[in-house]
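J.: Pasting a structure here, questions to come.
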Amino acid sequence: MVANTQAMPAPVVAPARKEAPMLSMERVTKRIEETTLVEDISLEVQRGEIFGFIGPSGSGKTSCIRLLTGVYAPTEGTVKVMGEDPGHSSRNVHERMGYMPQLFVLYPNMTVRENLSFVAGLYGMGLRERGKRIDELLHFVELWDARNRLAQNVSGGMQRRIELAASLLHNPPLLFADEPTAGIDPVLRGKFWVEFRRLRDEGRTLFVTTQYVGESEYCDRVGVIRKGRLIALDTPVNLRRTAIGGDVVDVESDEFTPEAVHGLAALPFVEEVRPLSRSRIRVHVKEAGAAIPLIVDYMSDANCNVSRVVEYRPNFDE
């Protein structure tokens, strides 16, 4: 019997398919008459992430949400939501969106609970289903005690909470929240972000605009918009690193000699050394993880007794 020595062909493995983004904007510009609202914006938002969109009032954040929800049609470029043009998408796509607008748009002459029940009915939720869900959300946004008050008689912060509850009634896989924490006290603001991250962990996608720069840290990726143009797009860590030109390390010792400080500043991985006191310096480096052991070794050679070395993370407001 003669063995067949011919090599068997290697099995053909299909390349892994990249999952389509939940949202995408490609070279999008929107003009109304002579006014340009957004210009040449390109971005993608992946499924199951919190995308923060940060910029001052009038920078184009709300205009982008209107483009993504199909309220605006782009003057130039392409917008896709769940693979479809939101301006001509199926009813199924719109039913899978939640939208919390910037301004109060519910009914002032209905009670808080009636407003939520009305919105639930628009989503086709049955009476039994909606009752349980409304109770859950009223407790979440801390409006249970105000459930029977007319919406016009609650504060602006409470109105924001009603709108957030309304946008979450139908458990949408995609949530647009336009400045959801505006006018909310810091404690409840933190609670909102805990809920947003829980929704993200369940696989939902959130597109959140804010003027609070510090809220960037709660997002998976952040876009920064100014005067209608996207000027930065990255993770919070990389945005911080870009803004300050690397990482920052604080070093403490009994006392730093001028010679030790000047020598440290001359090292190739050090961008800048800033004395904060006689016993503390702040060192700007390219990458903290690699730099910290080298700083410790250098200070030891320079006869400086280092008591503490820690990476300093400036907050986003700084």
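J.: Springs between alpha-carbon pairs under 10 angstrom, Gaussian network model over the chain: which of Asp220, Asp135, Asp145 fluctuates most?
T.: Asp145
J.: Right, next: Mind checking Rg over Rh on segment 120-193, alpha carbons, Kirkwood formula for Rh? Write out the running numbers ahead of the final one.
T.: Details: Rg = 12.4 Å, Rh = 13.0 Å.
Across segment 120-193, the Cα-based Rg/Rh ratio is 0.95.
J.: Over the chain, what is the relative contact order in whole percent, taking alpha-carbon pairs under 8 Å and six or more residues apart?
T.: Values: 551 pairs, mean separation 58.9, N = 318.
Computed value for the chain: 19 percent relative contact order.
J.: Within the chain, what whole-number % of the accessible surface is contributed by carbon and sulfur, with the 1.4 Å probe and all protein chains included in the calculation? Working shown, then result.
T.: On the way: 8820 of 17290 Å².
Of all accessible area on the chain, carbon and sulfur atoms account for 51 percent.
J.: Enter the accessible area per residue of segment 166-245 (Å², integer; probe 1.4 Å; all protein chains in place). Kindly include the intermediate steps, with their values, before the conclusion.
T.: Working: 3360 Å² over 80 residues.
Normalised by residue count, the accessible surface of segment 166-245 is 42 Å².
J.: I would also like to ask the following. Could you list the square roots of 5 times each eigenvalue of the Cα gyration tensor of segment 258-318, that is, the equivalent ellipsoid semi-axes, sorted largest first and rounded to whole Å? If you can, show how the numbers build up before the last one.
T.: Working: eigenvalues 70, 35, 27 Å².
Semi-axes from the Cα gyration tensor: 19, 13, 12 Å.
J.: Starting from the Cα gyration tensor of the chain, multiply each eigenvalue by 5, take the square root, and state the resulting semi-axes largest first in whole Å.
T.: Details: eigenvalues 394, 199, 90 Å².
After scaling each eigenvalue by five and taking roots: 44, 32, 21 Å.
J.: While we're here: Mind listing the Cα extents of segment 167-276 along all three principal axes, in Å, largest one first?
T.: Cα extents, longest axis first: 65, 33, 27 Å.
J.: Taking Rh as the Kirkwood radius, which is the inverse of the mean 1/r over Cα pairs, what is the Rg/Rh value for segment 39-137? Could the numbers behind the result be given before it?
T.: Details: Rg = 16.2 Å, Rh = 16.0 Å.
Here Rg/Rh amounts to 1.01.
J.: Based on DSSP, what percent of beta bridges with both residues in segment 141-268 are antiparallel, to the nearest 5?
T.: Numbers: 5 of 10 bridges.
Approximately 50 percent, going by the DSSP bridge assignments.
The values are calculated or read from the model by the stated rules, or taken from the named source; none is laboratory data. The structure displayed is predicted, hence computed values, not measured ones. Protein only, heavy atoms only, side chains kept; ligands, DNA and RNA dropped before computing areas. Shrake-Rupley method; radii C 1.70, N 1.55, O 1.52, S 1.80 Å.
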